[in-house]
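A short reminder: the numbers here are calculations on the coordinates, not readings from a lab. For clarity, every value in this text was computed on a predicted model and none was experimentally measured. Every residue, glycine as well, gets a Cβ built from its backbone with ideal geometry; the counts of neighbours run over all protein chains shown.
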Amino acid sequence: MKRNIINSILLLICLTAGIVYAGSLTVESDTQEFKDSDKKIYLEGNVKVKTDDANVASPRAVVELDPKNNKVNNVEFKEHAYSWHLKDGKKHEIKAQILKISLLNKVFSAEGNTISSITENNKPVVIVTADRQEYNKTNNMMKAFGNVNIIYKDVETFSSEAYVSLNDKNDVKKIDLVGNAKLHKGKNKINARKVSYDNIKEEAVAIGNVYTDLTTEDNKRVEIWSDYQSYNKKSNFVNASGSTKIKYEDYHATGPKVNVYADKNTKKLNEAVFVGRSKIETKGRTIEADRITITMNPKDFKAEGNVKSVIPNIN
């Protein structure tokens, strides 16, 4: 027969392996072959598998049985596998060269040119590409490894690894980027060893060799280097600490800690306050103080506390 449905497969398994499968599983294919010696069912041609609310399609697949209890354990799909499931009006899709599904713990593992996405009303909300991906339906956690690129609304990220936490409605709660992490949001950019973005708080936290490129009130650039930084979108507030450095036009300032505030009216970055013994260099002058405040519009700075200035070449 061209197409065999799971009834024959389940009957074959039950008769030869004596199992009782507790769950909804449907498989279709052009041909099938069961080998009791390696406890596997080989499916060839137009393979379609449905389990609970998940659907998978591929040219070939292998169903693995647990050698201890002979129950269906894993299903591996090969050659351009495609998986999808619907929940609360959102469609979660995974495409890869190889797709493995663990029916026991509901984990989807994808390898080779992997692409996963979540769409709502036929519009993509999240798109993840990577060398390898994993999705756990039990805890709604997506993991990606190798050349990871994530596009989420107006946020785009790049990293070696990524971990995306979803809620029960498949909405993004948090994104963790590890290894050469980059987060772009509009004109603003964050580079660091590790970056975490909390979608609920709309806050990004970066750790390790942090570099941010931000836009000011008059659309000019403020560059910040530090060991640690946090950025809150709602308040447009930046907190940086550890070997902190700021560059704004001809202002070059360094210090242990700096807070960058937004203008109350425009909501864009307009003031940087260094706390602790800090230094600012501009036009050949060097000023040291316990507190230095830089404003972008109007461009100015103020030094307070044990101020020391060095003005070279006064002649």
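T295 - would you say it is among the hydroxyl-bearing types (S, T, Y), touching a residue at least 12 places away in the same chain (Cβ under 8 Å), out of contact with any Cys (no Cβ under 7 Å at 6 or more places or on another chain) and farther than 12 Å from T254 by Cβ? Here the answer is yes, as T295 does meet what is asked. Going by the structure shown, is N121 closer than 27 Å to G208 by Cβ, out of contact with any Leu (no Cβ under 6 Å at 6 or more places or on another chain) and loosely packed, with under 15 Cβ neighbours inside 10 Å? Criteria not met by N121.
Results for (1) closer than 17 Å to N191 by Cα; (2) assigned to a loop (DSSP other than H, G, I, E, B); (3) of a type outside the set (K, R), shown as yes or no for each residue.
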| site | (1), (2), (3) |
| --- | --- |
| T215 | yes, no, yes |
| D218 | no, yes, yes |
| E223 | yes, no, yes |
| S226 | yes, no, yes |
| Q229 | yes, no, yes |
| K234 | no, yes, no |
| A240 | yes, no, yes |
| S243 | yes, no, yes |
| I246 | yes, no, yes |
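Can you confirm whether N113 is surrounded by fewer than 16 Cβ atoms within 10 Å (Cβ to Cβ), in a loop (DSSP other than H, G, I, E, B) and among the polar types (S, T, N, Q)? Judged against the criteria, N113 is not a match.
Considering segment 266-296, and only residues there that are in a loop (DSSP other than H, G, I, E, B) and out of contact with any Asp or Glu (no Cβ under 8 Å at 6 or more places or on another chain), the residue that is surrounded by the fewest Cβ atoms within 10 Å (Cβ to Cβ) turns out to be G284.
Take the residues of segment 61-86 that are charged (D, E, K, R) and surrounded by fewer than 16 Cβ atoms within 10 Å (Cβ to Cβ): which is farthest from D36 (Cα to Cα)? Checked segment 61-86; the qualifying residue farthest from D36 (Cα to Cα) is E79. Considering D263, D250, D300, the condition of being surrounded by fewer than 18 Cβ atoms within 10 Å (Cβ to Cβ) and over 26 Å from K185 (Cα atoms) is satisfied by D300 alone.
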